[in-house]
Amino acid sequence: MTTPPPDTDPPFLSLHTAVVLVISVLIGLVVGGLARLGGTPTALAVLAGLAAAGAAVPVLRTLIR
C-alpha cells in the first residue's frame, strides 16, 4: 500500500492577508450599521461601510505584522 504524496500547494491566502481582510470587513460592517442606525439612507450607509473597509486595509496591513 502506498501513501499519497503530501499536499505541497501553498495556501490561497496567507494568514496575515486573511486576518487583515476579515478585520476590515468587520470595520466596514460596523461603520455601515452605525451610519444606517444614525438615519443615513441605506445606499449611503453601504458606501460609508465600503469606504471604511477600504481605508482600513492599508492601516491594518501596517499595524498587524
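The table below lists the values:
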| quantity | calculated |
| --- | --- |
| Unmet requirement for V22, which otherwise passes all of (1) under 21 Å from R65 (Cβ atoms); (2) over 21 Å from the mean Cα position of the chain (by Cα) | (2) |
| Test: residue in region 29-52 that is within 10 Å of the chain's Cα centre (by Cα) and open to solvent by less than 50 Å² (accessible area, probe 1.4 Å) | no |
| Members of region 1-19 found to be surrounded by 10 or more Cβ atoms within 10 Å (Cβ to Cβ), hydrophobic (A, V, I, L, M, F, W, C) and over 8 Å from the mean Cα position of the chain (by Cα), listed by number | L13 |
| Condition met for T62 (in a helix (DSSP H, G or I) and either in contact with a strand residue (DSSP E or B) (Cβ under 6 Å, 6 or more places away or on another chain) or β-branched (V, I, T) (or both)) | yes |
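The values are calculated or read from the model by the stated rules, or taken from the named source; none is laboratory data. Computed from a predicted model, the values in this text were never measured in an experiment. Cβ sites come from the backbone with ideal geometry, for glycine too, and all protein chains shown count toward neighbours. Calculation scope for accessible area: heavy atoms of the full protein, side chains included, ligands and nucleic acids excluded. Shrake-Rupley method; radii C 1.70, N 1.55, O 1.52, S 1.80 Å.
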